[in-house]
1. State which residue pairs qualify: first residue at pLDDT below 80 and exposed (fewer than 10 other Cβ atoms within 10 Å of the Cβ) and inside segment 82-96, second residue among the charged types (D, E, K, R) and outside any helix (DSSP H, G or I) in any location, beta carbons under 9 Å apart, and separation of 6 or more residues or different chains.
2. So Ile55 passes all but one of these: (1) touching a residue at least 24 places away in the same chain (Cβ under 8 Å); (2) in the same structural domain as Ile24 (by TED's automatic domain parsing). Which condition number does it fail?
3. Which numbered condition in (1) surrounded by 10 or more Cβ atoms within 10 Å (Cβ to Cβ); (2) modelled with pLDDT of 85 or more; (3) out of contact with any strand residue (DSSP E or B) (no Cβ under 7 Å at 6 or more places or on another chain) is the only one that Glu37 fails?
4. Check whether at least one residue in segment 69-76 is outside any loop (DSSP other than H, G, I, E, B), surrounded by 14 or more Cβ atoms within 10 Å (Cβ to Cβ) and touching a residue at least 60 places away in the same chain (Cβ under 8 Å), and report yes or no.
5. Within segment 1-34, can you find the residues that are modelled with pLDDT under 85, part of a helix (DSSP H, G or I), small (Gly, Ala, Ser) and within 20 Å of Leu71 (Cα to Cα)?
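The values are calculated or read from the model by the stated rules, or taken from the named source; none is laboratory data. Everything numeric here is computed off the predicted structure, so don't read it as measured data. Using ideal geometry, Cβ is built from the backbone for each residue, glycine included, and neighbour counts are taken over all protein chains shown.
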Amino acid sequence: MAGFQVFVDSSQVRSHDYRGLHAINRNYMQNAFMAGEFSFWSPYLALGKPFATDIESGIFYPFNWLFLVFLELVSLFLCLALLFATSWNAFVKKSVV
């Protein structure tokens, strides 16, 4: 339960790194997809820089796609649940073999 509380704690989710980089990129990605665009270039960061090829944008990271469909807290919970389920599955398969 303590791990879940740390995961959902607003001070952890709203850290400077999250607000300054990841939330901005995620918001820009959501707005571009809602407008029916695939953004190769971001004119808003650093006087313009590649967006799709930037590793920090995370546009090709499957867990970030959850943020396009669900609310932020729901997406964070789903990411944690998928991580736990994957880890549990690997643990069970390893112990069976």
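1. Final answer for the pair search is none.
2. Single failed check for Ile55: (1).
3. Glu37 satisfies all of (1) surrounded by 10 or more Cβ atoms within 10 Å (Cβ to Cβ); (2) modelled with pLDDT of 85 or more; (3) out of contact with any strand residue (DSSP E or B) (no Cβ under 7 Å at 6 or more places or on another chain) except (1).
4. Within segment 69-76, the first condition is being outside any loop (DSSP other than H, G, I, E, B), and the residues that meet it are 69, 72-76.
Next, from what is left, pick out any that are surrounded by 14 or more Cβ atoms within 10 Å (Cβ to Cβ): 75-76.
Retained after the next criterion (residues that are touching a residue at least 60 places away in the same chain (Cβ under 8 Å)): 76.
Yes.
5. Ser10, Ser11, Gly20, Ala23
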